[in-house]
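See below for the structure under consideration.
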Amino acid sequence: KGDGSIYGVPSHSKSVIRIEPAPLSSSPSKQKKARISITPLPKTYQNGKFKWLRGIIANGYLYGIPAWNTAGVLKMRIPPPSHDDNEEKDDDGIKILPLPNSIQEQIKRYHHQNPNNNNNNKKNEDVN
């Protein structure tokens, strides 16, 4: 079950975005704005492109489906843990579930056999 938020799974980004829609109001002058927050990926997974393609919410977690990386499946608790501004943010709440070795090898073989397809021919620079 989801928490009513909309999540953006990071393909090229360094974080997961969460949009909490504002409750509807009968008066336009009292309409509240949506809240937007981000949860950074663990530092070892922040760089790179085509990390995760789409996501699924199940059992209180957001799962990111790997695109063309060999890191694994993104798993994030929802809603993500909150942190005070003074508190150092750590990586609790986000984990990377490793892919089986056979899938990792297939992805590596594909990249080796198709070097021109890697990272969209490097046409797009990081938009982080």
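The values are calculated or read from the model by the stated rules, or taken from the named source; none is laboratory data. Every value quoted in this text rests on a predicted model; they were computed, and no experiment measured them. Backbone-built Cβ (ideal geometry, glycine too); neighbour counts: all protein chains shown. Remember, those area values only see protein heavy atoms, side chains included, never the ligands or the DNA or RNA. Shrake-Rupley method; radii C 1.70, N 1.55, O 1.52, S 1.80 Å.
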Selection count, segment 74-128, where residues are open to solvent by 100 Å² or more (accessible area, probe 1.4 Å), in a helix (DSSP H, G or I) and modelled with pLDDT under 70: 1
Failed criterion for Leu53 (all others in (1) touching a Ser or Thr at 6+ places or on another chain (Cβ under 6 Å); (2) open to solvent by 60 Å² or more (accessible area, probe 1.4 Å) hold): (1)
Pair list, Cβ < 6 Å and 6+ apart or interchain, from segment 1-15 residues that are closer than 19 Å to Ala58 by Cβ to residues that are hydrophobic (A, V, I, L, M, F, W, C) and open to solvent by 30 Å² or more (accessible area, probe 1.4 Å): Gly2/Ile57; Ile6/Ile19; Gly8/Ile17
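Filter segment 7-56 down to the residues that are of a type in the set (Lys, Arg) and assigned to a loop (DSSP other than H, G, I, E, B), then identify the one that is modelled with the lowest pLDDT.
Keep residues of segment 7-56 that are of a type in the set (Lys, Arg), which gives 14, 18, 30, 32-33, 35, 43, 49, 51, 54.
Narrowing the set further to residues that are assigned to a loop (DSSP other than H, G, I, E, B) leaves 14, 32-33, 49, 51.
Numbers: Lys14: 94, Lys32: 84, Lys33: 89, Lys49: 89, Lys51: 92.
That would be Lys32.
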